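The structure appears below as structure tokens.
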Amino acid sequence: MVFEKLPRAFGVGGPGVNTVLDRARMRPGDQVTGQVHLDGGDIDADVEPIALSLITWAEGGEVVEFHRADVCGPFRLAAGERRSIAFTFGVPWEAPLSGADGPLVGVRAGEGDIDPLHVAPLPSQERVLDAFTRLGFTRAKAALEHGRVGGQHQELPFFAELGFRPPPGHTGAAGEVGLAFVADRHHLAVVLAADGRRGAAGDFGRWIFPHETAIRTDWEGLVTDWLDELPERFPRTLSGGPVPAGG
């Protein structure tokens, strides 16, 4: 992965810079490593502080920065000098996952070019996604939502929600099911929402397990039980909208 810009423009004859990541595929909690390579130009140049940031996009194209790592402070680069600066920074545990329908994630050098970074699911997250596939859910839209999900403690001010259409046997329970993950080093929280309802008590399913336990959990059974209980708690009108229980 190569970036062609520094935080400032040097002009003709100025230094050149390439920022290269060792790997472009990561999981939450992994360490991003690489080097910034600078080649001095025809004259001495003052280089501004260099920082790399992880960004994603919210609805409407809003750019959201969710992690920033300083690579180096300001320094003077002599004409013709070559310098390489190593860097390491961690991918946040709550980073949104990449995918064909998931939020995009990119690495940006200063205010310069943006290159994609593929954030793959943790094994515990992959187990949940596999259960959804086995149950017959089909992917719908994915969205980045500001705020907190399901009363969970979060480090980031947003969460990514993956939308799914329920399997044929459960289409009467909900038109769409939202799946959100909140992970940290030790645990995985899985939060489900039916048709975007998160306000009333009982409108979402929430489970928190250590990662190793989540890998061994019967998610097919948990999700099926949750779907089976939805019609009783949240009857739906003929048009598909929710009505108050008992209404």
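Rounded to the nearest 0.05, what FRET efficiency is calculated for GLU59 and ARG185 with R0 set to 35 Å and r the Cβ-Cβ distance? Working from the Cβ atoms, E equals 0.75. Rounded to the nearest 20, the Cβ-based charge dipole of the range 120-230 about its Cα centre (Lys and Arg +1, Asp and Glu -1) stands at 200 debye. Label positions at ILE85 and GLU232, each projected 7 Å from the Cα along the C-beta direction, are separated by 6.1 nm. Here's how it looks for GLY90: its modeled amide H is under 5 Å from those of VAL32, which are all 5 or more places away or on a different chain. Using θ = phi - 60° in the Karplus curve 6.51 cos²θ - 1.76 cosθ + 1.60, the 3J(HN,Hα) couplings for the range 22-35 round to 5, 9, 9, 10, 9, 10, x, x, 6, 9, 7, 10, x, 9 Hz; x is entered for Gly and Pro. Using θ = phi - 60° in the Karplus curve 6.51 cos²θ - 1.76 cosθ + 1.60, the 3J(HN,Hα) couplings for the range 171-177 round to 5, x, 7, 7, x, 8, 10 Hz; x is entered for Gly and Pro. Multiplying the residue separation of ASP46 and ASP70 by 0.36 nm and removing their Cα-Cα distance gives an extension gain of 6.9 nm.
Multiplying the residue separation of THR138 and ASP225 by 0.36 nm and subtracting their alpha-carbon distance yields 29.5 nm.
I need the calculated FRET efficiency for the pair ALA24 and ASP130, taking r as the beta carbon distance and R₀ as 30 Å, to the nearest 0.05. Rounded to the nearest 0.05, the efficiency is 0.80.
Laboratory data are not the source of any read-out in this text; all were calculated from the coordinates shown. Here the structure is a predicted model, which means the values were calculated and not measured. Heads up, the Cβs are rebuilt from the backbone with ideal geometry, glycines too, and the neighbour counts pull from every protein chain shown.
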